[in-house]
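The values are calculated or read from the model by the stated rules, or taken from the named source; none is laboratory data. Nothing here was measured: the structure is a model prediction, and the numbers come from that model. Backbone-built Cβ (ideal geometry, glycine too); neighbour counts: all protein chains shown. Just the protein is used for accessible areas: all its heavy atoms, side chains included, with ligands, DNA and RNA removed. Shrake-Rupley method; radii C 1.70, N 1.55, O 1.52, S 1.80 Å.
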Amino acid sequence: MPAAAHQLAGVTAAASQVWPAFALVTGLLLVGVVAERDGLFASAGAGLARLRTGPYATFVLALGLVTLVTAILNLDTSVFFLTPVLLHLARARGSNELPYLYGAVFMSNAASLYLPGSNLTNLIVLHHEQVSGVTFLSRMWAAAIAASVITIVLLVIVFRRELGERQRDGVFEHAAPHLGIGVLAVTVSSVLVLVLRAPALPVLVVGIAAVALARVPWSRLHAAVDVRVLGGLFVLAVALGSLGRAWRGPERLLDSLDRWQTAGFGALAAVGLNNLPAAVLLTPNPPPHPRALLIGLNLGPNLAVTGSLSALLWLRVARSLGAKPSVRRYSQLGLIIVPLSLAIAVATLWLVAPGRL
């Protein structure tokens, strides 16, 4: 095959691996926009604020909400819409907002192993399998639950002093959801992800239809679904995917690693390249330990804000709300949380289903 034709084939193969993930996440982000417009997230936060629970229980429930939204609607949707909700929750209860600020992003990354649409990397790394969401969950549930639980426990321990503080009297607000297009879109998209082996285009259609029916303003759409950022990531992912097919060095390196080394390497690759481009570069063909790699790519971004798009979204949203996120504090927390969550997730999946790593 001529060199030009070979390069074109590599680009085409990389694009075919990447586009379903981008189509799916775009559809889920659009669904999230409509759900937010209907007040679903705000009402959930207001409900938590009104509960007569202690500070630790409230924090754990808030992290549970992040887990649920991440699993169903994607971690980028969770970070973009729930960071404001968790900050308002902390302020409404008169609590220190730092645990809620960092909990929003750390929990979103940690809870992104449940369904294919929970994280773009899930679809990219396992694109050769083409399985439904139910099948994906049946294979990843042990690691997903382990990563979620250990992250919650560690966040509570790390922020135990801040959670015990009461800074002022809270102001409770009532936020009633509008049960309309948002609920319907979330329900339909969730069913499609669970049932279909290739849900990307159907979910994208649901998202487009939902924003059209809800008449969402363009400014809000642009804020949540930044076409320039997604387009740039798509181009970068395709370029690195083409490189991975032309230069087999990364693939050969993965072939030489065991499951533990694969998870660690995936985490470092995510921080160094961002988890999405890293996933495409490393998986032109099925890796020997795909789920160990996936665990590393999904949990590794909690080491540094360079690791995922969700962390960059978190920085932008948090600063717009008057919070003061620290890149340094983020990595300090990550150095505590990531090694333990990574090891426990891999160990749990190995114990439950050793043949699936």
Qualifying residues in the stretch 182-219 (those that are open to solvent by 80 Å² or more (accessible area, probe 1.4 Å) and part of a helix (DSSP H, G or I)) - the one nearest to Q130 (Cα to Cα): V195
Residue match in the stretch 285-296 (condition: of a type in the set (D, E, K, R) and open to solvent by less than 40 Å² (accessible area, probe 1.4 Å)): yes
Filtered residues of the stretch 14-45 (kept if open to solvent by less than 10 Å² (accessible area, probe 1.4 Å) and among the small types (G, A, S)): A14, A21, G27, G32, A35, G45
Conditions (1) modelled with pLDDT of 95 or more; (2) assigned to a loop (DSSP other than H, G, I, E, B); (3) of a type in the set (A, V, I, L, M): number failed by A323: (1)
Within the stretch 113-145, tally of residues that are in a helix (DSSP H, G or I) and within 16 Å of the chain's Cα centre (by Cα): 17
Every residue from the stretch 232-264 that is among the small types (G, A, S) and either open to solvent by 60 Å² or more (accessible area, probe 1.4 Å) or under 27 Å from L342 (Cα atoms) (or both): A237, G241, G244, A246, G249, S256, A263, G264
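Answer yes if at least one residue in the stretch 97-104 is open to solvent by 10 Å² or more (accessible area, probe 1.4 Å), closer than 22 Å to L293 by Cβ, of a type in the set (A, V, I, L, M) and in a helix (DSSP H, G or I), and no otherwise.
no
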Hey, L48 over 17 Å from the mean Cα position of the chain (by Cα) and among the hydrophobic types (A, V, I, L, M, F, W, C) or not: yes
Qualifying positions in the stretch 300-357 - among the basic types (K, R) and more than 25 Å from D255 (Cα to Cα): R316, R319, K324, R328, R329
Single unsatisfied condition, A57 versus (1) free of Cβ contacts under 8 Å to residues at least 60 places away in the same chain; (2) open to solvent by less than 20 Å² (accessible area, probe 1.4 Å): (2)
